[in-house]
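*Asks:* This is the structure I have questions about; it appears just below.
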Amino acid sequence: MKTCIACGMPMEDIADFAANDPSKDYCIYCSRPDGEMQSFEEKKESFTKFLVMTQGFDENVARKIAEGMMRKLPSWEKYFD
Amino acid sequence: MKVNTRKIQKLNTRKKIIETAYKVFSEKGFSVPSSIIAKEAGVSHGSIFAHFPTINDLLVSLLSDFGDKMGARLHVLAKKTDSVENLLKEHLKVLKEYETFYSRLISEINILPDEAKNTFAIIQSTVAFHFASVIECEIEKGTVKKLPIHMLFNTWLGLVHYYLLNKDFFSESNESVIERYSSELLSTYLNLIKNERRVYE
């Protein structure tokens, strides 16, 4: 099973893939409306917002957690060298 | 061939260390010395450091593995779920499976290094992701009260964690607190968050 290179989510169904395209390596939540993958900054902000919205974390703490998660994912490793 | 055998051996040792650490941490807590993990795993103390230069590296790898396993289980279960009730039932099933380790983790999380804390937050965000997608639909349908998602999520975790953290008060022996109280926890929480009159019945 593929996992999203930008957030680590397992992708099983076609609907999980960006633009319903199973050849893509990233998921629907990491893509822009046109199907392209979000940028580093866009992903960081969207994950931060997600943490605040679903778990109520402080925004700055949430941003640090988002960076910590992204550090371990293939798409974003290079941003932390 | 030789290289492959060595690589497999290396991976097996790593796996053995992580599995043993999972067991030892569950039983004795996260401040147990690495020498005990080495002894239990039947590997040399140096071997642990060859795989994990610091105890923090071991802890973070273990938590990531744990999070992947728990996340994958929940992901599969959540896909089949269209109601908050069924999702929370599945959440409790997964927690029951990992109850000893999970209870230890939530009781010691505040003394763990930041990286481990963040890994734990990421594990919870997988749960929160499935929770949010199901509960948003229920709020829209009018079956769940219109409350902030994070408060609905944190109230659920707060309730479950309270029982896990105070296991000694809620059970006498080694029985699973989740097993004993899951239906009461679930029905109470649902009564708190559900609208009295369902819109679509």
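Values in this text are rule-based calculations from the coordinates and carry no lab data. What you are looking at is a predicted structure, and each value in this text was computed from that prediction instead of being measured. As a convention, Cβ positions derive from the backbone with ideal geometry for all residues, glycine included, and neighbour counts pool all protein chains shown.
*Asks:* At a 10 angstrom cut-off on C-beta neighbours, averaged per residue, how do the peptides B:73-82, A:45-54 rank from highest to lowest? Before the final figure, lay out the partial values.
*Replies:* Working: B:73-82: 15.9, A:45-54: 18.7.
Those peptides, ordered most packed to least, come out A:45-54, B:73-82.
*Asks:* Spin-label point model (7 Å from Cα, Cβ direction): what's the B:Lys10 to B:Asn56 distance in nm?
*Replies:* 2.4 nm
*Asks:* While we're here: Taking the Cβ of A:Thr48 as the centre, find all other residues whose Cβ is under 10 Å away and add up their charges (Lys, Arg: +1; Asp, Glu: -1). Walk me through the numbers on the way to the answer.
*Replies:* Details: positive: A:Lys43, A:Lys44, A:Lys49, A:Arg63, A:Lys64; negative: A:Glu45, A:Glu59, A:Glu67.
So the surrounding residues net to +2.
*Asks:* Could you check which residue among A:Lys44, A:Lys64, A:Lys24 shows the biggest mean-square fluctuation in a GNM of chain A with a 10 Å Cα cutoff?
*Replies:* A:Lys64
*Asks:* Below 29 Å, Cα to Cα, which lysines can A:Lys24 reach? Residues fewer than 8 away in the same chain don't count.
*Replies:* Output for A:Lys24: A:Lys2, A:Lys43, A:Lys44, A:Lys49, A:Lys64, A:Lys72, A:Lys78, B:Lys69, B:Lys79, B:Lys80.
*Asks:* Which FRET efficiency, nearest 0.05, do B:Glu172 and B:Lys89 yield, Cβ-Cβ r, R0 25 Å? Before the final figure, lay out the partial values.
*Replies:* Values: r = 25 Å, r/R0 = 1.01.
With a Förster radius of 25 Å, E is 0.50.
*Asks:* Quick one: net charge around B:Leu147, please, counting Lys, Arg +1 and Asp, Glu -1 for every other residue with C-beta under 14 Å from its C-beta. Can you show the working numbers first?
*Replies:* Working: positive: B:Lys145, B:Lys146, B:Lys194; negative: B:Glu136, B:Glu138, B:Glu140.
Charge balance near B:Leu147 sits at 0.
*Asks:* For the protein assembly as shown, place one equal point scatterer on every Cα, skip the solvent, and apply the Debye formula. What is log10 of I(q)/I(0) at q = 0.08, 0.13, 0.14 Å⁻¹?
*Replies:* Those come out to -0.39, -1.02, -1.16, one per q.
*Asks:* So what's the gap between the Cα centers of the range A:1-22 and the range B:99-169, to the nearest angstrom?
*Replies:* So the two Cα centres are separated by 24 Å.
*Asks:* At 0.36 nm per residue, and after removing the present C-alpha to C-alpha distance, how many nm does the segment from B:Lys141 to B:Leu190 gain when stretched out fully?
*Replies:* Taking 0.36 nm per residue and subtracting the Cα distance, the gain is 16.1 nm.
*Asks:* When the convex hull of the C-alpha atoms of the range B:1-53 is computed, what volume per residue in Å³ does it have? Please report the intermediate quantities before stating the final value.
*Replies:* Working: hull volume 3.5 nm³, N = 53.
Normalising the Cα hull of the range B:1-53 by residue number yields 66 Å³.
*Asks:* Expressed as a whole percent, how much of the Cα-Cα distance distribution for the range B:146-185 exceeds 13 Å?
*Replies:* Values: 423 of 780 pairs.
So the portion of pairs separated by more than 13 Å is 54 percent.
*Asks:* Hey, which lysines would be in cross-link range of B:Lys167, C-alpha to C-alpha under 20 Å, not counting anything within fewer than 8 residues on its own chain?
*Replies:* B:Lys23, B:Lys28, B:Lys89, B:Lys93, B:Lys96
*Asks:* P(r) for the range A:2-80, please, calculated from all Cα pair distances in 5 Å bins and given in %.
*Replies:* In order of increasing distance, the bins hold 3, 18, 25, 22, 20, 10, 2, 0 percent.
*Asks:* Another question about this same structure. Bin width 5 Å, origin at 0, all Cα-Cα pairs of chain B: what percent of pairs per bin?
*Replies:* Pairs per bin, as whole percents: 1, 7, 14, 17, 16, 14, 11, 8, 5, 4, 2, 1, 0, 0.
*Asks:* In peptide B:145-156, how many Cβ atoms from other protein chains are near each Cβ within 10 Å, on average?
*Replies:* Numbers: counts 0, 0, 0, 3, 4, 7, 1, 1, 4, 3, 0, 0.
Taking all residues of B:145-156 together, the mean is 2.
*Asks:* So for the pair B:Ser35, A:Glu36, with labels modelled 7 Å out along Cα→Cβ, what separation do we get in nm?
*Replies:* Result: 5.8 nm between the two label points.
*Asks:* Right, something else. Which order, highest average first, do B:99-110, A:65-76 follow once you tally other Cβ atoms within 10 Å for each residue and take the mean per peptide? Kindly include the intermediate steps, with their values, before the conclusion.
*Replies:* On the way: B:99-110: 16.2, A:65-76: 17.9.
Highest-to-lowest ranking by the protection proxy: A:65-76, B:99-110.
*Asks:* Then there is this: Using a Gaussian network model of chain B whose springs link C-alpha atoms within less than 10 Å, name the residue from B:Leu186, B:Leu165, B:Leu147 with the highest mean-square fluctuation.
*Replies:* Of the options given, B:Leu147 has the highest mean-square fluctuation.
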